[in-house]
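To keep things clear, I will list the structure first and then write my remarks on it.
The values are calculated or read from the model by the stated rules, or taken from the named source; none is laboratory data. For clarity, every value in this text was computed on a predicted model and none was experimentally measured. Using ideal geometry, Cβ is built from the backbone for each residue, glycine included, and neighbour counts are taken over all protein chains shown. Accessible surface is based on the protein model in full, side chains and every heavy atom, while ligands, DNA and RNA are left aside. Shrake-Rupley method; radii C 1.70, N 1.55, O 1.52, S 1.80 Å.
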Amino acid sequence: MAEAAIDNLRKVLELERGKGFADSAVMGGLDAYLHRFSQGQVLPSNQQLAAAIGSLPVGGYASLPSSGRRRWLERLLAIMDDRAAGSQPPLGVRPKTVAPSARPAVSGAKKKARPVAARRAVQTVGQASLDSSITALRGVSRATESRFARLGVETIRDLLFHFPYRYNDFANIRSISQLVVGEEQTVLATVWSAAETTIGRRLKGTEAIVGDETGTLRVIWWGQRYIARQLRSGARVALSGKVSVYRGQRQMESPEYELLASDDLIHTARLVPVYPLTGGLSPRIVRRLARETLDNFADSVPDPMPPELKERLRLWSLPYALRQMHYPDSLETAQMARRCLAFQELLIIQLGVLKRRRAWQESGRAYPLALSQKALDGFLAVFPFTLTEAQRRVIGEIAADISREVPMSRLLQGDVGSGKTAVATVGLLAAVASGCQGAMMAPTEILAEQHYRTICALLGDGRDSILDGGMFRPPYVEKPLRVVLLIGSLRGREKAAVQEAIARGEVDIAIGTHALIQAEVAFPRLGLVVVDEQHRFGVMQRAALRAKGLSPHVLVMTATPIPRTLALTVYGDLDISLIDEMPPGRKVVKTIRALPHERDEVHGFVREEVAKGRQAYIICPLVEESEAIAAKAAVQEYEQLARDVFPDLRLGLVHGRLPSAEREAEMRAFRDGDLDVLVATAVVEVGIDVANATIMLVEGADRFGLAQLHQFRGRVGRGEHQSYCILLSENPSEEAQERLGLMETIYDGFRLAEEDLRLRGPGEYFGTRQTGMPDLKVARLSDIDLIERARAEAARLLEADASLARPEHRLLERQVSHLWERVTAEVS
């Protein structure tokens, strides 16, 4: 009876979550159901369940905000999952190929069934669960709690998944006579003496003399006087660290130490984990707490991996993998544990990605779109250039997708200037030719205007003009076309007129910014949505535009080259098209590194180019502290250049803190030739085409990544004149010099993207919040074999159980839902 009641409660809670925590899962609301549940015989024997239900406020579940309801409900489900997992034996098969090496026997260490520290911890944690605060652990004060919080560790579960990033190999145990200067090693010795001492004039510390049957060793701990009180004469101690020589005598300076009376060594005589730290948090505290947490809670962590999958892939059980990740028996077992945990992490990401893809494709029927060969040939005949083979290939891929009723979801990536807009225009024409509407959304008003001008020029027989309010009658289509621009800066009356025209179906192609997704805008027959520079938009913003139609086809464009591993993870829900060929005749932008003493020469070159009638960008150094500080730095740079360097030239300034209207006005002035030099922060990374701009001068170039520098470089070289990208850096590190050197020799954006990902990682590549990339705790984007295996296994699981509803998949589904709810919240 109790199990049936709990199972019914779980079903109600999962239904409530599926309904968005709207208190609508049961008649009369969840509070009434919980009251009836509490009257049964279940809660007295389930104290954690009773405590969680009893933690609701006086007003009950109904009184909580949506976020509070979600937290409470997820906690209750987690308790139920922990309870279910705790009744089953650990699963998984340990690979026979990796035999954990035995740790060397340590003389003086006592053998007991359970360490004393662990027994004390059990008494301390009491009724603590995985979701309890780390203050439930022995010795964790509020100050320690706040320090852990800076590392993202707030609960016991968080601490279990706070992994070391490397290990100190202190398993090499030697006698004192065998110690080698300069090597990491461990010695087991007896304390002869230990006392506080003054080192130099003021620095106090501990000096000890230890010995074994082969000799003696001096040991110094700088600034740590308290150690003298812990090392009593006659005590057996393990010391791990490097050996140096002082006045002809070998010594250890500030080694790790551990009394051999300890039941289980965690700081010495083994592979010792090295954890990420923050100010005020010592390595010894983190190691001790990690060990106690493993001893008391590892076995209660629900293992989401289905038994069949673990057996087939020979994966370790989650508790065992956690233990070997924190305190491995050998470097081989540490690596195996990392791969097991990384696979699980990647599998959950891939399940989320593929479920999102399926959900979109099954969300409804799309309008099949097609453009006749005659119309396509007529459109291409008025192009100002010949399409590249890459453009033709991508047009074919898009045409095949949009001809079906399954909604297209495709990512089009190509370098700046590769002709993505022309390809997208073909898709928009197919929508119009099929009796539907098309929409294109850009991240800034000036970029939306640029797309509007480009598309109007392509439709207007190559003329860069707007005909009769955006009305066109190309000979290759059967009816007139109307193209409109919808941006936030339009006057109220103009904006209302455009919105009404879209709603009446009088507009064929709408181009705009976020204004396109406002509630006032309604598309009666939206066939294709094109989103430019997609990583500038949140997931929910893209979904809002998509929702304007029944189930429109979606084409996402980006000029930021995306490495293969990101394409399989972050963009795994999209098919990918690649324009990997530049239009013929495009001149290479010459890229040059410069040092501070060459700044005057560089400024002189800028002046020479302006004298020829050209224009230049000057990018201010990247300031990471805040957008406000970056804006202040840009203003100072602008004032210094205008006053001391280019007083006779026309300078403009744009930065992220400028009001949108002012920023757009400055960019337009530069585009129209009213400014000679545009001083800017990174806001011009996704910018406009200014064919007359021939110089991109990047100050503090060593602070930018390769992908961003390549985007800056793509802002010039759009016209007939030779263009230059000059990278100025103050004092570049060795790694920065490597990056800048690659910029001088590699002009392929995709090769640079792979190098950038290798050097800086995914979080720095785009900014994690913008990508929708979950933080990776163990997996790396260099784990291409694991990523591909996880993707294949995710597809296999979903093929067999599309909603992950089977009992053996229930925990996986929970983790997938939790992860993608968090990611969506972060990037929207």
Search region 590-604 for residues that are in contact (Cβ under 8 Å) with a residue 40 or more places away in the chain and pair each with any residue that is surrounded by 10 or more Cβ atoms within 10 Å (Cβ to Cβ) and in a helix (DSSP H, G or I) when their beta-carbon atoms are under 7 Å apart and the residues are at least 6 apart or on different chains. Thr591/Arg713; Thr591/Met743; Thr591/Glu744; Arg593/Leu740; Arg593/Glu744; Ala594/Val602; His603/Val645
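Matching residues to (1) at pLDDT 75 or above; (2) in a helix (DSSP H, G or I); (3) crowded, with 16+ Cβ neighbours inside 10 Å:
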| residue | (1), (2), (3) |
| --- | --- |
| Thr694 | yes, no, yes |
| Leu709 | yes, yes, yes |
| Arg718 | yes, no, yes |
| Glu730 | yes, no, no |
| Lys777 | yes, no, no |
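Residues checked against (1) at pLDDT 85 or above; (2) assigned to a loop (DSSP other than H, G, I, E, B); (3) among the small types (Gly, Ala, Ser):
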{"residue": "Thr124", "(1), (2), (3)": "no, no, no"}
{"residue": "Ser193", "(1), (2), (3)": "no, no, yes"}
{"residue": "Glu196", "(1), (2), (3)": "no, no, no"}
{"residue": "Lys204", "(1), (2), (3)": "no, no, no"}
{"residue": "Gly211", "(1), (2), (3)": "yes, no, yes"}
Restricting region 784-797 to residues that are modelled with pLDDT under 90 and within 14 Å of Gly352 (Cα to Cα), the one surrounded by the fewest Cβ atoms within 10 Å (Cβ to Cβ) turns out to be Ala792
Top-ranked residue of region 193-208 - restricted to ones that are β-branched (Val, Ile, Thr) and open to solvent by less than 50 Å² (accessible area, probe 1.4 Å), ranked as nearest to the chain's Cα centre (by Cα): Thr206
Which of the numbered conditions does Gln224 fail, given that it passes all the others? Conditions: (1) open to solvent by 10 Å² or more (accessible area, probe 1.4 Å); (2) within 30 Å of Ala790 (Cα to Cα); (3) not in a helix (DSSP H, G or I). (2)
Does Leu653 qualify as being at pLDDT 80 or above and assigned to a helix (DSSP H, G or I)? no
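Between Val423, Val406, Val432, which is assigned to a loop (DSSP other than H, G, I, E, B) and at negative phi? Lay out the reasoning, then the answer.
Numbers: Val423 fails: assigned to a loop (DSSP other than H, G, I, E, B); Val432 fails: assigned to a loop (DSSP other than H, G, I, E, B).
Among Val423, Val406, Val432, only Val406 is assigned to a loop (DSSP other than H, G, I, E, B) and at negative phi.
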Scope region 227-240; condition hydrophobic (A, V, I, L, M, F, W, C) and either open to solvent by 80 Å² or more (accessible area, probe 1.4 Å) or assigned to a loop (DSSP other than H, G, I, E, B) (or both); matching residues: Leu231, Ala235
Thr558 passes all but one of (1) modelled with pLDDT of 85 or more; (2) of a type in the set (Val, Ile, Thr); (3) closer than 30 Å to His721 by Cβ; which number fails? (1)
So Ile348, is it modelled with pLDDT of 90 or more and of a type in the set (A, V, I, L, M, F, W, C): no
Across region 250-307, what is the total count of residues that are assigned to a loop (DSSP other than H, G, I, E, B), crowded, with 17+ Cβ neighbours inside 10 Å, modelled with pLDDT under 85 and charged (D, E, K, R)? 2
Looking at the structure I just gave you, is Asp648 charged (D, E, K, R) and without any contact (Cβ under 8 Å) to a residue 60 or more places away in the chain? yes
If I go through region 649-670 residue by residue, how many of them are in contact with a helix residue (DSSP H, G or I) (Cβ under 8 Å, 6 or more places away or on another chain) and within 12 Å of Tyr617 (Cβ to Cβ)? 5
Select from region 336-379 the residues that are over 20 Å from Ala430 (Cα atoms) and acidic (Asp, Glu) and write down the one among them that is most open to solvent (accessible area, probe 1.4 Å). Glu362
Which is in contact with a Cys (Cβ under 8 Å, 6 or more places away or on another chain), open to solvent by less than 20 Å² (accessible area, probe 1.4 Å) and touching a residue at least 24 places away in the same chain (Cβ under 8 Å), of Arg713, Arg739? Arg713
Candidates Ala510, Ala544, filtered to the one that is hydrophobic (A, V, I, L, M, F, W, C), at pLDDT below 65 and touching a helix residue (DSSP H, G or I) at 6+ places or on another chain (Cβ under 6 Å): Ala544
Among (1) of a type in the set (Ser, Thr, Tyr); (2) assigned to a loop (DSSP other than H, G, I, E, B); (3) at pLDDT below 75, Tyr765 falls short only on (2)
Could you tell me which of the residues Gly417, Gly427, Gly460 is open to solvent by 10 Å² or more (accessible area, probe 1.4 Å) and not β-branched (Val, Ile, Thr)? Gly417
Quick check on region 142-192: of everything there that is touching a helix residue (DSSP H, G or I) at 6+ places or on another chain (Cβ under 8 Å), over 24 Å from Arg338 (Cβ atoms) and not hydrophobic (A, V, I, L, M, F, W, C), which residue is least open to solvent (accessible area, probe 1.4 Å)? Thr144
Within region 468-507, restricting attention to residues that are assigned to a loop (DSSP other than H, G, I, E, B) and closer than 28 Å to Ser660 by Cα, which residue is modelled with the lowest pLDDT? Gly469
If you go through region 338-350, how many residues are farther than 14 Å from Met305 by Cβ and among the aliphatic types (A, V, I, L, M)? 1
Tally the residues that are open to solvent by less than 10 Å² (accessible area, probe 1.4 Å) and among the aliphatic types (A, V, I, L, M), restricting the search to region 308-324. 4
